[in-house]
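Here's the structure, in structure tokens; my notes come after.
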Amino acid sequence: MDKGIRLFAALTALTAVGWAGPAFATTCPETPEQSDTNPETGHFFEVYSADEISWADAKACADSKVDLSGVPGHLATITSSSEDAWIDNLRNESGLGQVWVGGFQAP
């Protein structure tokens, strides 16, 4: 089964506006700028664009997406250098700058 992964990009400088609860600081985009399936992993990626979206809001928007088969979305989790390069190429094809991806770093 393909795993849906969403990448959120900002057209202007990305700013951390803080998470203030369930309301989004920006409206979640409905239509991806770019989408494709990584042939190496079978993971399906979508790139969305939103002006000045914080990481927390990008995560919440990605988490709110569900594909046609009912698989919930999430920010991309990059698992290898080849997947990182493939994602970077997808971002470049969309014509966007920086993107938010998932991840966690312990304190």
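Structure notes:
- Of everything in the range 42-62 that is in a loop (DSSP other than H, G, I, E, B) and either under 16 Å from Gly95 (Cα atoms) or touching an Asp or Glu at 6+ places or on another chain (Cβ under 6 Å) (or both), the residue that is modelled with the highest pLDDT is Gly42.
- Filtered by the rule that a residue be out of contact with any helix residue (DSSP H, G or I) (no Cβ under 7 Å at 6 or more places or on another chain), touching a residue at least 24 places away in the same chain (Cβ under 8 Å), open to solvent by 40 Å² or more (accessible area, probe 1.4 Å) and not in a loop (DSSP other than H, G, I, E, B), the range 73-107 gives Ser82, Trp86, Arg91, Glu93.
- Looking only at the range 57-72, residues that are of a type in the set (A, V, I, L, M) and either open to solvent by 70 Å² or more (accessible area, probe 1.4 Å) or touching a Pro at 6+ places or on another chain (Cβ under 7 Å) (or both) come to 2 in all.
- Any chance Ala10 is crowded, with 16+ Cβ neighbours inside 10 Å and either farther than 16 Å from Glu93 by Cβ or at pLDDT 85 or above (or both): yes
- Scope the range 44-56; condition in contact with a strand residue (DSSP E or B) (Cβ under 8 Å, 6 or more places away or on another chain) and either open to solvent by less than 40 Å² (accessible area, probe 1.4 Å) or among the small types (Gly, Ala, Ser) (or both); matching residues: Phe45, Glu46, Val47, Tyr48, Ser49, Ala50, Ile53
The values are calculated or read from the model by the stated rules, or taken from the named source; none is laboratory data. Remember, predicted model here, so these are calculated numbers, not experimental data. Here the Cβ is made from the backbone with ideal geometry for all residues, glycine too, and neighbour counts use every protein chain on show. What goes into the accessible areas is simple: the full protein's heavy atoms, side chains included, and nothing from ligands, DNA or RNA. Shrake-Rupley method; radii C 1.70, N 1.55, O 1.52, S 1.80 Å.
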